[in-house]
Amino acid sequence: METPTPPSPKPSMVANLLGWLDHRTGYKFLVHEALNEPIPGGARWRYITGSMLTFAFAVQVITGFFLWTAYSPSTQTAWESVYYIQHVMTLGWLVRGIHHFAAQAMMVLLGLHFLQVVWDGAYRAPREVNFWLGLVLMLIVIALSLTGYLLPWDQKGYYATKVATNIAGASPEIGPQIQQIAQGGSAYGHLTLTRFFALHAGLLPALLVAFLGLHVYVFRRHGITVPPAAEGKPADTFWPKQVLFDAVGCLVTLAIVLYFAYSREAELTAPADPGEDFPARPEWYFLFLFRFIEFEAISQYGVAFGAIYIPTVLMILVFLMPFIGRTRIGHQFNRLFMVVMLVGMAGLTVMTIVEDNHNESHQAKLRFAERDAHRVVALAKREGIPPNGARALLVSDPFSQGPRLFRRHCSSCHRFDGHDGTGQKILKTVEADGKKTQVPEPETAADLKDFGTREWITRVLTDYDKTFQPLENAGEAGKKLLTGDMSAWCKENQKVLADAANAESLNSLVEFLAAQSGRTDTRPFDETLVAAGKEIFKSGMLKSGSFNSSCADCHAMQVGDAESLSDGGGAPTLTGYASRKWLKAFLRDPGHADFYGEKNTMMVFDEKRLSETDLNLLVNWMVGDYYRPGKAEH
Amino acid sequence: MADSLPETPPPSPGTVESPGAVAPRRGFLSLLAVIAGSIAGLVPLAAGTIFFLDPILRKRQEVGGGMLQAVNVSDLPTDGTPLRVTLKSDIPDAWTTYRDRVIGSVYLRLMPNGQVLAFNDTCTHLGCKVDYQPAEKRYFCPCHQSAFGLDGARQNKTPPRDLDSLDVEIKDGVIWVKYVNFRTVQAKKEPV
C-alpha cells in the first residue's frame, strides 16, 4: 500500500509505470478513498474491533482454503482426513489450530464490537441499516461456527451438532422438514457432511463477504461514531495512525490465536459413533443456551420455547434497538438490556462450567472419551486406517472395548479399581427422610483391577477374605466361598507366610503362579524364582517351616506339556492361571469341574450371552494383551 | 455525538495536518503500520503455504518398501521358463491403508545355478507390460515391439535400456522380491 505522492519534477520509472496504470484503472482514487477517510477526533484504539473482525475472517478464509485442500467430507473420510491434517501433514496442527481458535476469537470480537456499538449508540440514525447489516453478519458467523463444528465428524462435533439440528427440528410447523433438509435425510450421514461443508466453505463465506462489503460501504458513508471525549480534537486520516492501531490489534489477535493453537491444539475427539454416547456440550460460546433450555421453568414449555421462541424475541428486540434508542431513555434501556443479556449469558456459561466440573460422572465420561481419542490416534499411527474408517480401529481394540464389555457384563457384581471399568462409579438412589441421595451400590464380587498379576496373587494368598470380602454382599452363596477351604487355608497359614524369613519363599510362589498367565505387559518373570516357586507349590516347604497343606494338594497344575505337578483335588485348576486360555474357559463355564464345580456362583458366559469376538476383546484387555504405544506417543 | 456529524465528502489529506511538520512522524507510523499489517497477514499465509507444500516436504511411506513375498522356488519351472508373479503389499493412500493389494507383477526365472532372476515386467520404453513368448524365448512388448532376451537384454533399439532387474532374496525356499518401478523412456535406470 502506498500513499499518493505529489508529482515530483523528475518522475522515476516506477512513478511513470504507476501513472500509466492509474490512467487505465483509476486505482489512485480508490486507494485515496480507502486510506484518507477522515477520522474526526483522531485515531483511537477503541475503533479497532471492526478491523480485527475483518482480519480474523481473512485468516479463516486463508486457513480454511488450505484445510480444504486436505479435507474429505464423508462419514468414512472426514475424521480420517482431519486426523491426517492434525497428526501427519506438515504444520497441519498449526493451520487447523489457527482456524479453530480464530473462529473462537471471532466470537469474542463480535461480542466486543456489538457491545461498543450499543454502548456508544452507534446504531442511531442514520446508521440503523448498518446496525442491521452487522446483525446479519453476526448470524452468518454463528452459522459458520455451527456448520464448521460438525466437519471433523468426531464424537464432540457429532453429538453437539445433533442437538442443534434437533432444535431446528422442533421449529413450529416445518421443523421436521427443515431438519431433514439440513441433514440431507432423516439421519446423519454422508449428505449431512457434504451439505454442511458446502454451506461452511461455500455459501456462508460468500454471504459474509457480500454483507461485509455493504457493512463497510455504509460505514464509510456515515463515518465513525465519535465518543463525546474525542469531540473537538484534531482529526486524523485513516492512514497511517488508525491503520497502525488496527494492525497492532490484528497482531494481538493473531498472537493470542497462535498461543492457543500451540499450547492447547485443536481438539479432535474419537470418530463419530452413533452407538457410543458422549458427554456432549456445545462449544463454550453456546454453553449459555445449552444451560438456559435446561431450566425446568423453560424446558416445561418444550424445546422450541427455550431454544427458538425466546432467542427469537430477544433477537427482534436487538433488531429494534435503533428505534427504541431514539430517545434518551430508550438508549439507556438498550444499554441495560444488552448488559443484562451479556451478564446473563456469562453467568449461565460460568454456571455450566462450574456444574460440569463438580459433576463426577460427567468428568469420568469426559476422561473416558479422551482415552478413546488418544487411543484411536495411537492405533491409526501404528497400523494406518482401514478403508471403512477409523472407528473400526476402536471396535477391534481390546484396550477400548474391554472396559465397555466389563461394564456391560461384569460390573453388576465386580468392580474394576472401584469403578465400572470405564471410570464411572456405580451408584444407587436411596431415599432417607424424604430426600433422595446417591450412594455407591455395594459390589458382590472381587475388584478385578489387577487380576492375575503378582499383586493379586499376593493378596489372595495372604488375605483371601479381604480380597473376596465383597462376596459378603452376595447372600448365602457368597458366604459359602468366604467360609470355604481356601479361606481356611489362608487363615491357618497366615502366620507362616507373614514370617520375614519366608519373604523370599512367598515371592517365589507368587512369581510361579503369576508366570502362569504368560502376561507380557508386566515386568518379565524371574526364571529362578519361578523354579523355586514350583517346588513350594508342589511340596509346601518354605524356607522356614511349611504350609499345613501344599497348593498341589487341592489345585491341579500342569507345567508345560509333560510335567504334571498335581491332578488337583476339587479346587480350581491353576494350570495357566489368569492366562487368555484359562480366563476364556473359566468365563464360558465357571461351573466346570476344572473351576468352581458345584460350588460355582458365578454367571455363565456362553455364546448366547457373550460372543466369541467380545470374549476375546474382554479377556485380552484383562490379561493386558493389546498394543501399547511408547510413552511419547500416548 | 453521531447525529451531529456532517455528511460531507472527506477533506483532502493535506487539510488534516500540516504535512511538513509531521512528515517524519507520519512516515514512521506508516512504516510500523506496514510491518505490523504484513506480519499479521503473512503468518497464516505462510503456515498454510508450508502445509500445502507437504507433498514435497514430508518423506512418505514407500509402497511395498521392503522385500515382498513372491512364490516358493519350487513353484518355478525348472527348465528356466520365466513365470509371471503378482506381488501384494499394503498400499497407503493419505490417511487410508489398503491391506494386501496387488501392486504389480514381475517375471521370475530359475537359473541353472539355483539363483532366481527377477524382472519388473514393465517395458522400459513406454510402460506397457511385456509378455514372455516361449517360442522365441523372449520378452515382447505388444505396444511398440520392444523385445528383450531371457537375460533382460534388449534385442532391438525401441526400448531405451534393458528390462529392469530387481533384487531377490531366497529364504527357506521362499522367494522375496524388492519391487521397484523405474522411470520409462530414459536410458538410465532410475526409481520413480
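The values are calculated or read from the model by the stated rules, or taken from the named source; none is laboratory data. Only a predicted model underlies this, so the values are computations on that prediction, with no experimental measurement involved. Every residue, glycine among them, receives a Cβ derived from its backbone with ideal geometry; neighbour counts consider all protein chains shown.
Residues in the stretch A:220-252 that are more than 7 Å from chain B (Cβ to nearest Cβ) and among the basic types (Lys, Arg): A:Arg220, A:Arg221, A:Lys233. Test A:Glu80 against the criterion of being among the acidic types (Asp, Glu), part of a helix (DSSP H, G or I) and at pLDDT below 95, and give yes or no. It is false that A:Glu80 is among the acidic types (Asp, Glu), part of a helix (DSSP H, G or I) and at pLDDT below 95.
For the stretch A:167-191, the candidate set comprises residues that are over 22 Å from A:Ile308 (Cα atoms) and assigned to a helix (DSSP H, G or I); within that set, the residue that is nearest to the chain's Cα centre (by Cα) is A:His190.
Every residue in the stretch A:554-585 that is polar (S, T, N, Q) and assigned to a loop (DSSP other than H, G, I, E, B), please. Let's see the steps before the verdict.
The first filter runs over the stretch A:554-585 and keeps only residues polar (S, T, N, Q), leaving A:558, A:564, A:566, A:573, A:575, A:579.
Within the stretch A:554-585, A:Thr573, A:Thr575, A:Ser579 meet the criteria.
When the stretch A:26-73 is filtered for residues that are surrounded by fewer than 17 Cβ atoms within 10 Å (Cβ to Cβ), more than 12 Å from chain B (Cβ to nearest Cβ) and in contact (Cβ under 8 Å) with a residue 60 or more places away in the chain, the ones remaining, listed by number, are A:Trp45, A:Arg46.
Take A:Val136 and tell me if it is of a type in the set (Val, Ile, Thr), more than 13 Å from every other protein chain (Cβ to nearest Cβ), more than 22 Å from B:Gly48 (Cα to Cα) and touching a residue at least 12 places away in the same chain (Cβ under 8 Å). Spelling it out, A:Val136 is indeed of a type in the set (Val, Ile, Thr), more than 13 Å from every other protein chain (Cβ to nearest Cβ), more than 22 Å from B:Gly48 (Cα to Cα) and touching a residue at least 12 places away in the same chain (Cβ under 8 Å). Criterion first (crowded, with 19+ Cβ neighbours inside 10 Å, at pLDDT 90 or above and among the charged types (D, E, K, R)) does A:Glu492 satisfy it? Considered against the rule, which asks whether it is crowded, with 19+ Cβ neighbours inside 10 Å, at pLDDT 90 or above and among the charged types (D, E, K, R), A:Glu492 comes out as no. Among the residues making up the stretch B:166-192, those that are within 20 Å of the chain's Cα centre (by Cα), of a type outside the set (Val, Ile, Thr) and surrounded by 14 or more Cβ atoms within 10 Å (Cβ to Cβ) are B:Leu166, B:Lys178, B:Tyr179, B:Asn181, B:Phe182, B:Arg183, B:Lys189. Of B:Thr122, B:Thr96, B:Thr81, B:Thr86, all but one fail to be touching a residue at least 60 places away in the same chain (Cβ under 8 Å) and either within 14 Å of chain A (Cβ to nearest Cβ) or in contact with a strand residue (DSSP E or B) (Cβ under 8 Å, 6 or more places away or on another chain) (or both); the exception is B:Thr122.
Check A:Val430 against each of (1) crowded, with 20+ Cβ neighbours inside 10 Å; (2) in a strand (DSSP E or B) and name the one condition it does not meet. For A:Val430, the failing item is (1).
Checking each residue in the stretch A:365-393 for being out of contact with any Phe, Trp or Tyr (no Cβ under 7 Å at 6 or more places or on another chain) and more than 14 Å from chain B (Cβ to nearest Cβ) picks out A:Lys365, A:Leu366, A:Arg367, A:Phe368, A:Glu370, A:Arg371, A:Asp372, A:Ala373, A:His374, A:Ala378.
Residue-by-condition table, conditions (1) at negative phi; (2) assigned to a loop (DSSP other than H, G, I, E, B); (3) buried (at least 19 other Cβ atoms within 10 Å of the Cβ):
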position: A:Lys479; (1), (2), (3): yes, no, no
position: A:Ala503; (1), (2), (3): yes, no, no
position: A:Ala514; (1), (2), (3): yes, no, yes
position: A:Arg519; (1), (2), (3): yes, yes, yes
position: A:Arg523; (1), (2), (3): yes, yes, no
position: A:Thr528; (1), (2), (3): yes, no, no
position: A:Lys538; (1), (2), (3): yes, no, no
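Residues that are at pLDDT 90 or above, surrounded by fewer than 15 Cβ atoms within 10 Å (Cβ to Cβ) and not basic (Lys, Arg): list the helices (runs of 4 or more DSSP H) wholly contained in the stretch A:228-314 that include at least 1 such residues.
Values: elements: A:243-263, A:287-292, A:296-299.
Here the list reads A:243-263.
Criterion first (surrounded by fewer than 20 Cβ atoms within 10 Å (Cβ to Cβ) and either in contact (Cβ under 8 Å) with a residue 40 or more places away in the chain or under 25 Å from A:Arg459 (Cα atoms) (or both)) does A:Lys425 satisfy it? Please lay out each step first, then the result.
Values: surrounded by fewer than 20 Cβ atoms within 10 Å (Cβ to Cβ): yes; either in contact (Cβ under 8 Å) with a residue 40 or more places away in the chain or under 25 Å from A:Arg459 (Cα atoms) (or both): yes.
For A:Lys425, the condition - surrounded by fewer than 20 Cβ atoms within 10 Å (Cβ to Cβ) and either in contact (Cβ under 8 Å) with a residue 40 or more places away in the chain or under 25 Å from A:Arg459 (Cα atoms) (or both) - is met.
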